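One structure is given here, and the rest of the page talks about it.
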């Protein structure tokens, strides 16, 4: 376990350096964008900005400074936002994890359940219906689903707010606030979950059907176990492994996919921050987000290994 | 002017048709009367008088409530003294005040300065300051703060300040409530640059001697305005609460102003329709939705309140390389663009045809002239073809003349449509144009640093005076590689330089206008730019919201008089 953690350190460093190099490929810099947004600037102002951002130093010096800072867990300063990158990211980490967590739990639980149902009733109308539904939600663009949900549940029915994380006219405190945030979370989490749920349903169905044909199932039947017990006790445990693997791999994608959902629902998450900082050429902030995302992926993969261990005792955690 | 008047008149008719209220409310009354010229003076009356008039009409402002506005995109900082990025200007003036405010004809009204006096030689301006004004931290506002804000902050670190205050040598402070600007030469444009949006008055005691950009109060502003900054939840909202000690007694009406950030245009529209948000300026609701909502019962769509921005949509030529180094080629394209078509079909009618470098917004000041070379003639395509033949670019066997790349300014969908339109028009002329769409940073670098382009679309705000907004595109000294929104066409003329430089310091209004008239004639003749249209931004707001648009800077003002009907 400890070895796995230590192995992650060089991986993260390589990622950090690669990130830095990739970002340099984008033409234009933060000073250009700032001046652009201002509708004009004097040359003195531009030079002053570039100097302040450290953009007048050579790329190698910039890289060296960056790597040194990362080693000291210092993510630098976002000049555009006038705040340390760490603070900016921490502000966004909560909403991001809330949305991500809800989505993962919701989509896996529902995906596994529906996959199970589909596999149990393979080639019946239930299976076909689920297949069509999952195909639809997998193929529909997220932003469209989001807008449609807003149209139906906010504008027509008035059940949920259109956007944001809490009611700004009220500024609730305590439990009221928790309820308020949960109320705001429903539509974005649902939008994002539909996509992943569809994927896990398909995956779960296929894995279940594959496992049903295995020898151990015959053995279990020979022992006289009921079909229900075989499905839940033996087959499910094996079939859920690919789903867990997939979910682990998709954490990165989930961060990216939430850019769309965060934009549509005005959810103050990290995906949106990354998106904005890219267009603003806010290099420090962007690198910081990449770095934190990389850390998240590493941590989640460790967690996935632990889940494997729990599901399948043959796998050892070293 | 005519179409604006019609629009307002229509609004009034639409309003009175509603059973909920027959009386024309005060705001509309002022707008309409000012525009129709019924009472030329009314726009100039101080707000107290106008307010009294409103009360007489039976429209008593209601205290309390939260005004939720949507600001798009999220501002990068709140340091409005250092960064003039659009969204900052929508929130910072809730906290900071300026010396002056303005009426719809761009005439100054009292702000923190209750009166002012321009010296006979135009080389001094004396401001008498409002007394008993306190910053949100309780410290008094005095002439020392004015001196500090102008000389140490705006003149040094504001993107436009060095231009606006170029002639200001010193600010004298004979007593705590008098500030005298000492000028090297007369600077007529100076009086237009003193709004809370353009030149906020900062607390000297919190900023003096610190690193201005990294001062903690850059993002936690402390001003004298009607609302106090409370918090900024990044990616989500900014919150401003009522300042109970505001120097305009009894104001503001709202308990709170919240600015929300919603990235997706459709969601912003939905939030307005559902009443979650009451105010959205600067096309935060896109024109296509604004058009649809303009008949709605919940919201009002208006183009008022951008008179001090006066943005112009342009096509800019790279005048230093072929084929656009040739005046005839440039003119040909100016003839070919159908301005009416662009306005109606690409901007959904929110615009007016432009005739030259100075917006017709300046009609009231006498600076604008329509007496220039006009491209909106019936046989314009024939003229355009003839000009291209004369310029030495005849049609080849395949019907084409030459090929260019047309860059599109990366500010959204309309610009792509506009690019496609230009492409089609050029094709009619036998010019093959391929389109290039890059992101903002890349595009700025291409146009204003590397000058690596043939023809680009663009839009610039011409602001409240040509010295601040117009001069930068035509002055030879405004060719500054690496600085966006200056002279990117690199077209120059000694006579134009001379005109611009003398107009900048000409105190006599008539003489100054004459100089600008000649400037307009010369530049239109040379056509380094095709002035396509005067862009009209739209503001969409809840029908219950009153008195939010009372100035040519509308959303860029404090909202101290805005209130919500029950």
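Over chain A, what relative contact order in percent results from Cα pairs under 8 Å that are six or more residues apart? Can you show the working numbers first?
Numbers: 316 pairs, mean separation 85.7, N = 318.
Result for chain A is 27 percent.
Summarising the label geometry, the points placed 7 Å from Cα in the beta-carbon direction at residue A:221 and residue B:427 lie 6.6 nm from one another. Taking the centroid of alpha carbons for each part, the range B:187-247 and the range A:77-109 are 29 Å apart.
Which shape class, rounded, prolate or oblate, goes with the range B:115-188 when its Cα gyration tensor gives a ≥ b ≥ c as root eigenvalues, a/c under 1.5 marks rounded, and past that a/b bigger than b/c marks prolate?
Numbers: a/c = 2.55, a/b = 1.32, b/c = 1.93.
Since a/c reaches 1.5 but b/c is at least a/b, the shape of the range B:115-188 is classed as oblate.
Partner shielding of A:160-173 amounts to 6, given as the average count of beta-carbon atoms from other chains within 10 Å of each residue beta-carbon. The angle separating the long axis of helix A:2-24 from the principal Cα axis of greatest extent in chain A is about 50 degrees.
In this label model, residue B:402 and residue A:214 are separated by 7.2 nm, measuring between points 7 Å along each Cα→Cβ vector.
Please find the FRET efficiency linking residue A:44 to residue A:245, where r is the Cβ-Cβ separation and R0 is fixed at 41 Å, and quote it to the nearest 0.05. The partial results should precede the final answer.
Details: r = 56 Å, r/R0 = 1.37.
So the FRET efficiency works out to roughly 0.15.
Considering only A:233, A:202, A:126, the Gaussian network model of chain A with Cα springs below 10 Å gives its largest mean-square fluctuation to A:233. Among A:267, B:485, sorting on how many other beta-carbon atoms sit within 10 Å of each Cβ, with the fewest leading, yields B:485, A:267. With neighbours defined as other Cβ atoms within 10 Å of a residue's Cβ, the residues B:229, A:290 order from fewest to most as A:290, B:229. Full extension of the segment from residue A:25 to residue A:127, taken as 0.36 nm per residue of separation minus the current Cα-Cα distance, would add 31.9 nm. Taking Cα atoms only, the orientation of helix A:43-53 departs from the longest principal axis of chain A by about 50 degrees. Relative to the longest principal axis of the Cα atoms of chain B, the long axis of helix B:47-56 lies at roughly 70 degrees. Here the Debye sum runs over all C-alpha atoms of chain B as equal scatterers in vacuum, and log10 of I(q)/I(0) at q = 0.08, 0.11, 0.13 Å⁻¹ comes out as -0.55, -1.05, -1.44.
Report the calculated FRET efficiency for residue B:451 and residue B:144 (r = Cβ-Cβ distance, R0 = 41 Å), to the nearest 0.05.
Working: r = 45 Å, r/R0 = 1.09.
Taking R0 as 41 Å, the efficiency between residue B:451 and residue B:144 is 0.35.
For chain B, the mean residue ellipticity at 222 nm estimated from helices alone is -8000 deg cm²/dmol, where every DSSP H run of n ≥ 4 contributes -39500 (n - 2.57) and the total is divided by all residues, rounded to the nearest 500. Counting, for every residue in B:73-82, the Cβ atoms of other protein chains within 10 Å of its Cβ and taking the mean gives 4.
Over chain B, Cα pairs under 8 Å with separation of 6+ residues give a relative contact order of 19 percent.
So what is the relative contact order of the range B:100-207, in percent, for Cα pairs below 8 Å that sit 6 or more residues apart? Spell out each step's value before the answer.
Values: 173 pairs, mean separation 31.8, N = 108.
Result for the range B:100-207 is 29 percent.
Computed from the C-alpha gyration tensor, the three semi-axes of the ellipsoid equivalent to the range A:52-204 are 40, 24, 14 Å, from longest to shortest. Comparing Cα centroids, the range B:445-522 and the range A:269-318 end up 50 angstrom apart.
Measuring from centroid to centroid over Cα atoms, what is the spacing of the range B:261-284 and the range B:293-359 in Å? So the separation of the two Cα centres works out to 25 Å. For the pair residue A:73 and residue A:237, label points projected 7 Å from Cα toward Cβ lie 3.8 nm apart.
Express the Stokes-Einstein translational diffusion coefficient of the range B:311-535 in µm² s⁻¹, to the nearest whole number, given a Kirkwood radius over alpha-carbon pairs, 20 °C and a viscosity of 1.002 mPa s. Using the Kirkwood radius from Cα pairs, D works out to 121 µm²/s.
Every read-out reported here was derived from the displayed coordinates using simple, explicitly stated rules and does not represent laboratory data. As the structure is a computational prediction, the values presented were derived from the model and not from experiment. Here the Cβ is made from the backbone with ideal geometry for all residues, glycine too, and neighbour counts use every protein chain on show.
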